[in-house]
Structures are given as structure tokens and as C-alpha cells.
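What follows is calculated from the coordinates using simple rules that are stated; it is not laboratory data. These figures come from a predicted structure and were not determined experimentally. Note that we place each Cβ from the backbone using ideal geometry, even for glycine, and neighbour counts take in every protein chain shown.
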Amino acid sequence: MLRMNLAPDLPHFGKHFVYHGRSGVLTFRIDVQDHTHDGHVLIGGTILHGTESYPTGHVADSAGRQLSVIVTESEYMRLSNDPLG
């Protein structure tokens with residue numbers, strides 16, 4: 001995966017991020033980060049572990065897939081209270 005830190009002022013590049021999406025909880029390392037025009041943060045990387053559940057009842061292992069999400073700055077900054085790594 002390409003690593004792009006387009007927002008070097010944000011302190012959590014390379015840390016793990018737990019994303020609580022509508023279809024599951026996924027953990028990925030922040031390998032891409034950038035600011036958006038409206039004060040949010042775009043982050044992305046390879047999913048380390050997690051599953052997604054679908055309305056049909058199917059559950060899929062998402063490890064190894066790519067994920068990018070837009071989060072609020074406060075969601076991003078909550079990593080400040082988590083241990084490194």
C-alpha cells in the first residue's frame with residue numbers, strides 16, 4: 001500500500017484506527033491521511049481485521065481489503081487517548 005501523509009500536522013499517521021461502520025467494526029492502519037475542504041479528515045489503509053455483515057445474513061472477513069473513510073476531526077483526535085501502535 002502506498003503511504004501518503006498529506007496532512008503532516010495530524011499526529012496519528014501509521015497508528016491503528018478502529019472504524020465503526022454500518023456493517024461492522026474494522027481496524028486498519030492509517031496509511032493515507034489528508035484534510036477535506038469542510039474540516040473533516042480523510043484516512044485510509046489496509047484492513048487488519050474485522051468482518052462486515054450484510055442484510056442477507058452473509059458475514060465476510062474484510063482483512064486485507066482497502067478502506068478509506070471521512071471522519072470528523074474529533075473522531076480522528078480521539079486516538080490521542082489511545083496507546084501507540
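Summarising the amide proton neighbourhood of VAL32: residues at separation of 5 or more, or on other chains, whose placed amide H is nearer than 5 Å comprise MET4, GLY44. In the chain, Cα pairs under 8 Å separated by at least six residues give a relative contact order of 25 percent. Computed over neighbours whose Cβ is under 13 Å from that of TYR54, the net charge equals -1, Lys and Arg +1, Asp and Glu -1.
Length available on full extension from THR46 to LYS15: 0.36 nm per residue minus the Cα-Cα distance, which gives 10.0 nm. In this simple spin-label approximation, ASN5 and SER74 carry label points 7 Å from Cα along the Cα→Cβ vector, and these lie 2.7 nm apart.
If R0 equals 25 Å, the separation of the Cβ atoms of HIS37 and GLN66 corresponds to a calculated FRET efficiency of about 0.65.
Helical content of the chain, expressed as a calculated mean residue ellipticity at 222 nm, amounts to -1000 deg cm²/dmol (DSSP H runs of 4 or more residues, -39,500 (n - 2.57) each, divided by residue number, nearest 500).
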